[in-house]
Every structure is written in structure tokens, then in C-alpha cells.
Amino acid sequence: MRPRSIVILGPAFGQYAEMVTKGFRQNGLEADCFSYAQTEGLLQRLIWDYLPLVRLDSFRRAATKRIFERVLRACKDAALLIIIKAGVIPIDMYSEFVADVKCPIVYWMMDSVHRIEDGLEKAKLADMILSFEGTDSPILSSLCVPHQLVPLAVDPDLYFPISSSTPLWDLSFVGALYANRLSMLDSIFSVLQSNGGVRARVVGDYRYELHSFLTRRLLRLHPSALLPS
């Protein structure tokens with residue numbers, strides 16, 4: 001066993017797994033990253049989200065099995081396995097996979113327990129739970145698994161201050177365009193435009209699936225307020 005070696009498994013969504021791996025490496029630890037496609041494109045969304053709904057889950061299960069086999073090989077000499085999210089992984093496959101892992105397992109929830117499919121069942125199979133949602137602490141305390149609140153951080157190479165003597169825009173919003181957030185932004189833009197307009201700009205990777213449709217709708221509602229990147 002390599003005492004300073006860590007294996008990270010997580011979805012290829014927002015580069016979570018990659019950034020966590022990078023953090024360990026920058027602190028002098030060996031880290032191997034394994035990620036599975038989740039919602040980064042139409043084919044991935046079809047395999048991971050839609051086919052299971054109509055009981056055509058074989059594609060997702062086959063992809064999951066291949067990933068698990070690679071992770072298990074890496075875990076043979078590892079000191080720790082960190083599993084990020086894991087919400088879309090079928091619970092039966094997850095249980096079998098965890099049973100075969102010989103090193104300690106940390107389950108990093110990265111979401112509220114109310115939004116994770118089989119989240120608590122998966123958490124019970126870990127040796128430690130990490131979460132960023134403080135309101136989940138009472139629920140996690142009821143489990144016979146140690147848990148730790150870990151607020152989310154950012155990668156300074158991707159998110160950094162912008163030096164400018166003149167403000168570039170009046171409003172900044174960072175996050176996914178869920179329906180409730182779109183409604184909130186719609187209301188804000190309407191008020192600001194009625195009071196003389198607003199300088200705003202949409203930046204980032206909003207091209208895929210639901211985000212793309214919501215962004216287009218926001219641009220259509222407020223064409224003078226938003227300048228797409």
C-alpha cells in the first residue's frame with residue numbers, strides 16, 4: 001500500500017473530480033482520478049439519465065462496470081478512496097463495488113441529502129462522510145458513520161479576481177440556471193432595466209442541454225441586458 005496515494009472517483013460534471021485531484025497533488029500526495037460522464041452532452045445524458053427511466057439501463061450499467069474495474073485495480077495499492085456524488089450510480093452496483101474495495105472509503109456528498117438518489121444508503125457504506133450542506137448535519141448524525149462538514153472551495157486557476165478600475169458589469173451570478181434561478185434573474189433584470197438598464201454578461205460553459213435552453217430564454221427576454229460570450 002502506498003500511504004500517500006489517493007484514488008478519486010466522481011462524475012465528469014463541473015470538473016469536480018479533477019479539481020479535487022489537483023488539490024491533493026499540489027499538497028504532495030499521489031492521486032489518481034477516475035470520472036464517468038454524466039450530463040456533459042446528449043449521448044451521456046441519454047445513457048445516465050433517460051434510458052434508466054424506461055428500464056433500458058444496460059448501457060449505463062456496462063459503462064459503470066468498466067469504470068469500477070479500473071478503480072478497483074487502482075485501489076489495490078491506495079491508502080484511500082474518495083467517491084464524489086455518486087448519485088446516478090445504481091445502488092446495487094455501488095454496494096457490490098464498495099464491498100470489493102480494501103482501503104478506507106470517504107463519501108463526499110457534494111449535494112444535500114434531499115437531492116441525492118439513495119444518498120444515505122450509499123453514505124452508510126463509507127468510513128467517513130464529507131458534506132457541504134450544514135442543514136444536513138442532524139440527518140448525518142443519525143448514521144453510524146463519522147461525518148465532517150467541508151465547505152466547497154474553488155480552483156484559483158479557474159476562478160480568480162479581475163483587475164479593473166472600471167466595473168465591467170452591474171450584476172454577477174454564478175451557478176446553474178435552474179428554473180427557480182431563471183425566474184429570480186428574470187425578475188432582477190426586469191427591475192433593473194425599468195430603472196435605466198443593466199450591464200450584464202453570460203460567461204462560462206452553458207452550451208449543453210437544459211442550461212442552453214434556459215440561457216436562450218433569458219437572452220430572449222432581455223436581449224439588451226445580456227451579451228453572450
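Considering only residues that are of a type outside the set (Val, Ile, Thr) and either open to solvent by less than 60 Å² (accessible area, probe 1.4 Å) or modelled with pLDDT of 90 or more (or both), which ones fall in the range 102-117? Before the answer, list the steps.
Filtering the range 102-117 for residues of a type outside the set (Val, Ile, Thr) gives 102-104, 107-112, 114-115, 117.
Within the range 102-117, 102, 103, 104, 107, 108, 109, 110, 111, 112 qualify.
Would you mind finding the one in 126, 99 that is modelled with pLDDT of 90 or more and surrounded by fewer than 16 Cβ atoms within 10 Å (Cβ to Cβ)?
Of 126, 99, the one residue that is modelled with pLDDT of 90 or more and surrounded by fewer than 16 Cβ atoms within 10 Å (Cβ to Cβ) is 99.
The listed residues are 81, 72, 149, and the only one of them that is touching a residue at least 40 places away in the same chain (Cβ under 8 Å) and within 20 Å of residue 17 (Cα to Cα) turns out to be 81. Tell me, please, whether a residue that is open to solvent by less than 70 Å² (accessible area, probe 1.4 Å), β-branched (Val, Ile, Thr) and within 16 Å of residue 36 (Cβ to Cβ) can be found in the range 72-83. Within the range 72-83 (the criterion being open to solvent by less than 70 Å² (accessible area, probe 1.4 Å), β-branched (Val, Ile, Thr) and within 16 Å of residue 36 (Cβ to Cβ)), the answer is yes, since at least one residue qualifies.
Assess whether residue 28 counts as being at pLDDT 80 or above and assigned to a strand (DSSP E or B). Let's see the steps before the verdict.
Values: at pLDDT 80 or above: yes; assigned to a strand (DSSP E or B): no.
No: the conditions fail for residue 28.
The values are calculated or read from the model by the stated rules, or taken from the named source; none is laboratory data. Keep in mind it's a predicted model, so treat the numbers as computed, not measured. We place every Cβ from the backbone using ideal geometry, glycine too, and count neighbours over all the protein chains shown. For accessibility, only protein heavy atoms count, side chains too; no ligands or nucleic acids. Shrake-Rupley method; radii C 1.70, N 1.55, O 1.52, S 1.80 Å.
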